[in-house]
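Participant: Handing you this structure, nothing more for now.
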Amino acid sequence: MGEPGPLIGTGRAADVYDLGNGRVLRRYRVDPPAGTAEREAVVMEHVRAHGYPVPEVFDASGADLVMERLQGTTMLDDLGARPWRMRHHCDTWIDLHRRLRAMPVGDLGGRGFPTRFGPPHAVLHLDFHPDNIMLTTDGPMVFDWPNAALGPPEGDVAMAWLIVATSTIEESWWLRAIAGVLRRRFVDRFVDGCGRAEAQALLGEVAAHRLKDRNGRPEEADRIRALVASLSPSEC
């Protein structure tokens, strides 16, 4: 794909470069398992074809994914700047989950997607948190789909619960403050809006999967274990 343009973003596993003409390149720093970028493109094209808000994909090969550049701010950043919009943003997050869970799986089961946490009734994002939701003038857009799988929709709720409740935020001081003050209320509203009992039933299994993430950190693993331990066996 040639040399990338200016670096405009970086995450735990990949960097994002501006290619110009409304396109970006997301490139893994360590080569992912074979077919990862291609499967991500397939699932994004599938959900986009069903009206779900995701960036358009132009190319996928090896460690590279070329897609539409989104103009806006992430939901997490906007929460940091405008914490009084917490309920509005959480309701948007809930709506995005409900729209995804209602989407038909189609032929994805035969295209290399794993099945996780139960029957493959829905498309799962499995990294579905406010830092992967871009607020644009055209509405919210969900990006970063390399973990996509098939399974019960409650699996996405449980994974989002774990990520938002336990992840370390390394942003400006005001975002860390918001995480401390509003994180519990924010994630509780999401989980309640999407089905707490069903998500809790899968929380232990989802936590075991999350603990295998090579991009996880020791302090996050400790928080995951503490969260699961805080729930009684009858609840999780």
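The values are calculated or read from the model by the stated rules, or taken from the named source; none is laboratory data. Because the structure is predicted, anything quoted here is derived from the model rather than measured. Cβ placement follows ideal geometry from the backbone for every residue including glycine, while neighbour counts extend to all protein chains displayed.
Participant: Could you please find all residues in the range 66-104 being of a type in the set (A, V, I, L, M, F, W, C) and surrounded by fewer than 16 Cβ atoms within 10 Å (Cβ to Cβ)? Outline the logic, then answer.
Facilitator: So in the range 66-104, the residues of a type in the set (A, V, I, L, M, F, W, C) come out as 66-67, 70, 75-76, 79, 81, 84, 86, 90, 93-94, 96, 100, 102-103.
81, 84, 102 - these are the residues of the range 66-104 that are of a type in the set (A, V, I, L, M, F, W, C) and surrounded by fewer than 16 Cβ atoms within 10 Å (Cβ to Cβ).
Participant: May I ask you to list the residues in the range 105-130 that are among the basic types (Lys, Arg) and either in contact with a Ser or Thr (Cβ under 9 Å, 6 or more places away or on another chain) or surrounded by 17 or more Cβ atoms within 10 Å (Cβ to Cβ) (or both)? Walk me through it before giving the result.
Facilitator: Step one: list which residues in the range 105-130 are among the basic types (Lys, Arg), which gives 111, 116.
Listed by number, the list holds a single entry, 116.
Participant: Would you list the strands (runs of 3 or more DSSP E) that sit entirely within the range 85-151 and hold 3 or more residues that are closer than 22 Å to residue 37 by Cα?
Facilitator: On the way: elements: 122-124, 133-136, 139-142, 149-151.
Passing ranges, in order: 122-124, 149-151.
Participant: Then there's this: For the range 15-41, give me each residue that is within 26 Å of residue 108 (Cβ to Cβ) and in contact (Cβ under 8 Å) with a residue 40 or more places away in the chain.
Facilitator: Applying the first criterion (within 26 Å of residue 108 (Cβ to Cβ)) to the range 15-41 yields 16, 23-28, 30-41.
23, 24, 25, 26, 32, 35, 36, 37, 39, 40 - these are the residues of the range 15-41 that are within 26 Å of residue 108 (Cβ to Cβ) and in contact (Cβ under 8 Å) with a residue 40 or more places away in the chain.
Participant: Can you find, within the range 5-27, the residue that is surrounded by the fewest Cβ atoms within 10 Å (Cβ to Cβ) among those that are touching an Asp or Glu at 6+ places or on another chain (Cβ under 8 Å) and farther than 13 Å from residue 59 by Cβ?
Facilitator: If we take residues in the range 5-27 being touching an Asp or Glu at 6+ places or on another chain (Cβ under 8 Å) and farther than 13 Å from residue 59 by Cβ, then 6 is surrounded by the fewest Cβ atoms within 10 Å (Cβ to Cβ).
Participant: Could you go through the range 56-76 and let me know if any residue there is under 18 Å from the mean Cα position of the chain (by Cα), under 25 Å from residue 23 (Cα atoms) and assigned to a helix (DSSP H, G or I).
Facilitator: Scanning the range 56-76 turns up at least one residue that is under 18 Å from the mean Cα position of the chain (by Cα), under 25 Å from residue 23 (Cα atoms) and assigned to a helix (DSSP H, G or I).
Conditions (1) surrounded by fewer than 13 Cβ atoms within 10 Å (Cβ to Cβ); (2) in the same structural domain as residue 137 (by TED's automatic domain parsing); (3) over 26 Å from residue 138 (Cα atoms), marked per residue:
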site: 32; (1), (2), (3): no, no, yes
site: 41; (1), (2), (3): no, no, no
site: 47; (1), (2), (3): no, no, no
site: 55; (1), (2), (3): no, no, no
site: 61; (1), (2), (3): yes, no, yes
